[in-house]
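The values are calculated or read from the model by the stated rules, or taken from the named source; none is laboratory data. Fair warning: this is a prediction, and the values are worked out from it, not measured in the lab. Here the Cβ is made from the backbone with ideal geometry for all residues, glycine too, and neighbour counts use every protein chain on show.
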Amino acid sequence: MNNRYILFPVLIILGIAAGAAMMYGLDSERGEVQPVQPSSAPQLDVDQHPMASTFVITQVSDTERIQMLEQQVEALTERIEELEGTVETGNDAEGQAENGVPVIGSSSTVDTPVSSLSPAVTTANLVKAGIDEELARDIVRRSNEIDLKLLELRDRASREGYFRSDRYAREASELREQNISLRDEIGDDYYDNYLYASGQTNRVKVASVMLGSPAETAGMRDGDLILNYDNRTMFNWNELQQATSRGERGEYVNVTVLRNGQLLNLWMPRGPLGIRLGSARVQP
């Protein structure tokens with residue numbers, strides 16, 4: 001019953017506000033502003049009315065609108081980068097499909113569109129990273145050999161009816177063990193250059209630090225770039241997540257971050273850092 005008494009005045013106020021807005025719009029189109037007629041009715045103290053803030057129109061300048069749009073674009077960009085990392089994680093791991101049938105996530109780009117989510121290892125990008133052209137061609141050739149074998153396996157398994165079976169998973173795993181690790185092949189410095197040259201992200205960015213977390217206690221801040229964890233270079237947040245789960249829980253390791261052009265060494269215990277992770281593309 002009380003809700004009904006409250007609802008009626010609210011609807012009346014909304015109706016008055018809507019009518020006033022329509023009249024103002026019509027008058028604005030004619031270039032006229034109608035004066036407000038004085039009324040003998042008691043004046044309502046708008047500032048004290050509980051619904052007053054509902055009808056306040058905030059004046060926002062064009063500059064402020066542009067700034068808000070830029071912030072939204074930046075947030076969307078960070079989210080896309082996080083999703084790219086999620087796709088990369090899914091490609092590197094084995095999942096379970098419906099009915100318990102194993103699905104193999106491939107780290108190769110066979111039969112997939114070339115994009116920022118599935119970049120192809122090319123001679124051109126390796127040469128841009130500073131790799132000798134002859135060595136670059138050899139790396140690409142060996143990588144393509146494994147990709148072609150994976151294609152043949154998938155085609156054969158599909159035709160013979162054992163695609164996505166335990167047999168297929170085993171045979172695909174054996175082939176991937178023969179594949180080269182580009183990072184191990186060319187080293188961290190060249191690998192960093194390669195990621196940047198091929199348009200991929202190559203830095204782990206701290207999107208936000210959780211209150212009361214080990215990261216906050218150690219002095220980590222939003223926007224920091226995590227360069228090393230336990231003296232190993234981190235190129236993506238998936239690597240960092242795996243690194244924090246290794247070793248003995250609680251032992252302190254050195255974490256090197258870049259903040260405003262300055263390198264800082266933070267000592268943190270192994271385990272969850274308590275940060276939300278993003279990624280960034282920075283020229284080495």
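Applying the set (1) touching a Ser or Thr at 6+ places or on another chain (Cβ under 9 Å); (2) at pLDDT 90 or above; (3) under 25 Å from residue 239 (Cα atoms); (4) hydrophobic (A, V, I, L, M, F, W, C) to residue 157 leaves exactly one unmet item: (3).
Considering only residues that are among the small types (Gly, Ala, Ser) and loosely packed, with under 14 Cβ neighbours inside 10 Å, look in region 140-164 and name the one that is nearest to residue 194 (Cα to Cα). Residue satisfying both the conditions and the ranking: 158.
Every condition in (1) in the same structural domain as residue 131 (by TED's automatic domain parsing); (2) within 24 Å of the chain's Cα centre (by Cα) is met by residue 185 except one, and the failing one is (2).
Residue 252 meets all of the listed conditions (1) among the aromatic types (Phe, Trp, Tyr); (2) loosely packed, with under 15 Cβ neighbours inside 10 Å; (3) closer than 17 Å to residue 283 by Cα but one, namely (3). What about residue 183, is it touching a Ser or Thr at 6+ places or on another chain (Cβ under 7 Å) and closer than 22 Å to residue 126 by Cα? Taking the combined requirement at face value, the residue does not satisfy it.
Yes/no matrix, rows are residues, columns are (1) outside the structural domain of residue 268 (by TED's automatic domain parsing); (2) within 22 Å of residue 122 (Cβ to Cβ); (3) without any contact (Cβ under 8 Å) to a residue 40 or more places away in the chain; (4) out of contact with any Gly (no Cβ under 7 Å at 6 or more places or on another chain):
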| site | (1), (2), (3), (4) |
| --- | --- |
| 190 | yes, yes, no, no |
| 215 | no, no, no, no |
| 220 | no, no, no, yes |
| 228 | no, no, yes, yes |
| 233 | no, no, no, yes |
| 238 | no, no, no, no |
| 241 | no, no, yes, yes |
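Quick one: in region 199-213, which of the residues that are in a loop (DSSP other than H, G, I, E, B) and in contact with a Gly (Cβ under 7 Å, 6 or more places away or on another chain) is farthest from residue 275 (Cα to Cα)? Going through the qualifying residues, I end up with 213.
Suppose we keep only residues that are within 18 Å of residue 188 (Cβ to Cβ) and not polar (S, T, N, Q) within region 255-279. Which one would you say is surrounded by the most Cβ atoms within 10 Å (Cβ to Cβ)?
Of region 255-279, the ones within 18 Å of residue 188 (Cβ to Cβ) are 255-258, 263, 279.
Then drop every residue that is not not polar (S, T, N, Q), which leaves 255, 257-258, 263.
Details: 255: 26, 257: 23, 258: 17, 263: 11.
Filtering first and then ranking leaves 255.
Just one of (1) crowded, with 16+ Cβ neighbours inside 10 Å; (2) not in a helix (DSSP H, G or I) fails for residue 130. It is (1). For residue 222, the stated conditions do not hold, so it cannot be described as of a type outside the set (S, T, N, Q) and at positive phi.
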